[in-house]
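Worksheet for the structure shown next.
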Amino acid sequence: MTQCEIPPSLALNSDPTPTGVRPDRGVFISTYGCQMNVNDSERMMSLMEMANFTPVDRPEDASVIIINACSVREKPVQKVYSEVGLYRKLKKENPFLRIGVAGCVGQQEKENLIKNQPLIDFVFGTDNIDELPLIVARLYEEDGPGKAVEARFKHREPYHVETLVRNPGVSTFVNIMKGCDNFCSFCIVPFTRGREKSRPLQHVLTDVRHLVKRGVREVTLLGQNVNSYRDDDMDFADLLAAVATQTDIQRIRYTTSHPKDFNEKLVETMAKHQNKICEYIHLPFQSGNTDVLARMNRGYSREDYLRKIEMIKKGLPDVVLSTDIIVGFPGETEEQFNDTVSLVEEVAFETMFAFKYSPRPFTKAARFEDQVDEDAKQSRLVRLIEAHETQAFEIVKKYEGQVLEVLVDRAEDATGKVSGRSTQNKNVHFLGSSADIGKLVPVRVMKAFPNVLRGERVMS
Ligand code: 5AD
Ligand code: SF4
């Protein structure tokens, strides 16, 4: 079902109060995880609003609570159960309260969630978001199912997800593809998000044009693996070029890319449209050791990755790089871990996200017998973060004295402070007012820290 096919019983002019639902019809969504989940929660809220529900900020005010949970790392299922446990009292006070679980955890656990925690009323998967209003409506029917589970992948259906965002502000996400076919041996995503599917290029352009009319200045094109994007013979670079030349958006970002698919055409496209495409690339390398990379099934070696970085830096001399790393992958030795540290030092990433390996259900690496013990993982994580921190302070010093173009997205009129992002994705603070929101302001950086740059507006 697409956004246009709101079930008739929930269309705006139909009876707004299904049997049993509290008249205030509040919806509370709790979101864990990546930008994809944040974007999905926004879609859920928009769909519920179209079905006459109202977003609320506190679970106490809700008739429907949804936990949209990520299962990429750590103990996601336990986290969901503990959050649901917190709602036991609310459920006692309000027998009409319905609690649902969504996202990768919903997809992964399906009916197990309801079996193990009877406070949960419904579960829906990553391909079933658009059915949410219908699922909820049925739960409130007198002869309804009582509990509901919808977690089937729609492999054969086209991927049509027009951007649904309530208050897009200055910057927003646009989903361009979903799923992943890479099956890295540590990763649950292919099992929780299904096979790769791309949206038609024209749909993406239409979305961006609508968003521009609503005041959006910057879009982040989203996908688990954006550079696998395909629409007939068009690839991700073609999509970027089309968004840059055929819409009036001022800035384009994207995430996440896979090193093995990062090619020269993409670098050339970014260079050609530098005025719009931000020179910021998030390129996870996961491990700096070729043998570990092979066991991870990443499809590239340390040398391949470094060659790609060289190609990127050559084509985009001012590029800002960020990455994801896993420490303590099964079998990783101290020497192999040291290769990761040396790769971090060699490339000089401005931002690094490092994680301790966590075995995930269904994945190949979870069955490897040489799991690394927790103490070693923890100590490697600390060492890696320390190595990067020392470097990060040095790297950002280059910004001091530079003039950056900042897209203002926040203002505190009481203190006269405003903040926004530079094209390099740096958080920049300076003096201004709410009249600056949505504007691109030139700012000279006076002081640079790894997470924030402080500056002064350059008067023209
Ligand atoms: N354990 C630890 N980190 C993981 N990631 C993905 N799967 C796992 C796992 N099983 C990390 C990778 C990925 C990021 C989104 O999460 O670094 O790039
Ligand atoms: Fe997971 Fe690998 Fe796919 Fe990224 S490319 S989503 S790490 S399987």
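Calculated on C-alpha atoms, the gyration radius of the range 139-192 divided by its Kirkwood radius gives an Rg/Rh of 1.10. Per residue, the convex hull spanned by the alpha carbons of the range 283-430 comes to 154 Å³.
Kirkwood's formula applied to the C-alpha pairs of the range 156-278 gives a hydrodynamic radius of 14.8 angstrom. When you restrict to C-alpha pairs under 8 Å that are six or more residues apart and normalise by the size of the range 311-366, the relative contact order lands at 45 percent. Straight-line cross-link partners of residue 89 among the aspartates and glutamates, defined as a Cα under 15 Å from its Cα and at least 8 positions apart when in the same chain: 60, 61. For the range 198-267, the Kirkwood radius over C-alpha pairs fed into Stokes-Einstein at 4 °C and 1.567 mPa s yields D = 105 µm² per second. For residue 320, the residues 5 or more places off, or on other chains, whose built amide H falls under 5 Å of its own are 280, 281.
For the chain, the relative contact order works out to 10 percent when only alpha carbon pairs closer than 8 Å and six or more residues apart are counted. Between the helical axis of 302-315 and the longest alpha-carbon principal axis of the chain there is an angle of about 80 degrees. Measuring between alpha carbons in the structure, the pairs from 154/178; 178/308; 115/147 lying more than 21 angstrom apart are 178/308. Calculated over the range 8-150, the projected area of the Cα convex hull averaged across directions stands at 7.7 nm².
Per residue, the solvent-accessible area of the chain (1.4 Å probe, heavy atoms of protein chains only, all protein chains present) comes to 44 Å².
What is the sum of charges, Lys and Arg at +1 and Asp and Glu at -1, for the other residues whose Cβ falls under 13 Å from the Cβ of residue 301? My count for the surroundings of residue 301 gives +2.
Using the alpha-carbon positions of the range 400-457, Rg (one decimal) and Dmax (whole number) come out as 10.0, 28 Å. Estimated from the Cβ-Cβ distance and a Förster radius of 45 angstrom, the FRET efficiency linking residue 210 and residue 310 is about 0.70. Taking amide H atoms as placed 1.01 Å from N in the peptide plane, the amide H of residue 234 has no partner under 5 Å among residues 5 or more positions away or on other chains.
Stokes-Einstein diffusion of the range 89-203 at 4 °C, 1.567 mPa s viscosity, Kirkwood radius from Cα pairs, rounded to a whole number: 81 µm²/s.
When the solvent-accessible area of the chain is split by element, carbon and sulfur atoms take up 50 percent of it, the probe being 1.4 Å.
Taking the chain as the reference, fit the longest principal axis to its C-alpha atoms, fit the long axis of helix 334-347 to the helix C-alpha atoms, and give the angle between the two in degrees, 0 to 90, nearest 10. Between the helix axis and the principal axis of the chain, the angle is about 70 degrees.
When all protein chains stay in place and ligands, DNA and RNA are ignored, the 1.4 Å accessible-area order of 113, 381, largest first, is 381, 113. Residue by residue, the range 34-51 carries 3J(HN,Hα) couplings of 7, 4, 4, 5, 4, 5, 5, 5, 5, 5, 4, 5, 4, 5, 5, 5, 5, 9 Hz when phi is fed to the Karplus relation 6.51 cos²θ - 1.76 cosθ + 1.60 (θ = phi - 60°); x denotes Gly or Pro. Full extension of the segment from residue 383 to residue 370, taken as 0.36 nm per residue of separation minus the current Cα-Cα distance, would add 2.5 nm.
Where Rh is the Kirkwood radius over the Cα pairs of the chain, the temperature 4 °C and the viscosity 1.567 mPa s, what D in µm²/s does Stokes-Einstein return? D = 55 µm²/s. Which of the pairs 75/110; 79/426; 213/398 have their Cα atoms more than 27 Å apart in this structure? Listed pairs above 27 Å: 79/426; 213/398.
Note on residue 269: accessible area approximately 20 square angstrom, rounded to 10, probe 1.4 Å, nucleic acids and ligands left out.
Modelled label positions at residue 54 and residue 398, each set 7 Å beyond Cα in the direction of Cβ, lie 5.1 nm from each other. For the chain, the longest principal axis of the Cα atoms and the long axis of helix 76-86 meet at an angle of about 50 degrees.
Electrostatic bookkeeping for residue 101 treats Lys and Arg as +1 and Asp and Glu as -1; over the other residues with beta carbon under 14 Å from its beta carbon, the sum is -1.
Were the residues from residue 427 through residue 414 laid out at 0.36 nm apart, the gain over their Cα-Cα distance would be 2.7 nm. Ordering 333, 244, 385 by the projection of their Cα atoms onto the charge dipole of the chain, which places +1 on the Cβ of Lys and Arg and -1 on the Cβ of Asp and Glu, puts 244 at the extreme positive end.
The values are calculated or read from the model by the stated rules, or taken from the named source; none is laboratory data. None of the values given here were measured: they were computed from a predicted structure. Because the Cβ atoms are built from the backbone with ideal geometry, glycine has one as well, and the counts that use them run over all protein chains shown. All accessible areas refer to the heavy atoms of the entire protein, side chains included, with ligands and DNA or RNA removed. Shrake-Rupley method; radii C 1.70, N 1.55, O 1.52, S 1.80 Å.
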